[in-house]
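The values are calculated or read from the model by the stated rules, or taken from the named source; none is laboratory data. Remember, it's a predicted structure, so these values are computed and weren't measured experimentally. Cβ placement follows ideal geometry from the backbone for every residue including glycine, while neighbour counts extend to all protein chains displayed. The area values use the complete protein model at the heavy-atom level, side chains included, leaving out ligands, DNA and RNA. Shrake-Rupley method; radii C 1.70, N 1.55, O 1.52, S 1.80 Å.
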Amino acid sequence: AHLPTLLTHPETSEGGLRILSAVTASKPQALLVMDADLLKDIVPFLDRSDAHGHVTGVMGVLGNIIRHFPDLREQLLQQLNLLPRLLRLIRPPDAPVLFQRLVAWLLQNLCNSETVTLPSFQIVEEA
């Protein structure tokens, strides 16, 4: 009940995202995050170039959810506009290498074809 408040308060949002990332490592907890519709609240952090800690937390949450629910990948890509957001994060030449590796890891998870079909070409082409 208090997590949405933690995520929106400037002083606690980075810690809240890190907690959420750890919590979603468990499939039942990740399902609770999906049911609470928290992704729409945290994905906008991907647009903040000044907050690598926040972005790292969001990428952890997304990676865990995609790992647990690969059949939702296409829906998440479309509804949250993830691909263009992630590509913007990886492009700056001054982005730290470890940060770029984390973005690449999430992109790889989004495009992994072992369990489900690849994202639609239209989503990739638009990005």
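Among helices (runs of 4 or more DSSP H) lying entirely in the stretch 35-108, which contain 1 or more residues that are β-branched (Val, Ile, Thr)?
Output list reads 39-42, 52-68, 82-90.
Could you list, in sequence order, all residues of the stretch 1-31 that are at pLDDT 85 or above and either open to solvent by 50 Å² or more (accessible area, probe 1.4 Å) or outside any helix (DSSP H, G or I) (or both)?
Result: THR24, ALA25, SER26, LYS27, PRO28, GLN29, LEU31.
Just a yes or no: is a residue in the stretch 78-91 open to solvent by 30 Å² or more (accessible area, probe 1.4 Å), touching a residue at least 12 places away in the same chain (Cβ under 8 Å) and of a type in the set (A, V, I, L, M, F, W, C)?
The answer is yes, given that some residue of the stretch 78-91 is open to solvent by 30 Å² or more (accessible area, probe 1.4 Å), touching a residue at least 12 places away in the same chain (Cβ under 8 Å) and of a type in the set (A, V, I, L, M, F, W, C).
So is ASN109 modelled with pLDDT under 85, in contact with a helix residue (DSSP H, G or I) (Cβ under 9 Å, 6 or more places away or on another chain) and open to solvent by 20 Å² or more (accessible area, probe 1.4 Å) or not?
Yes.
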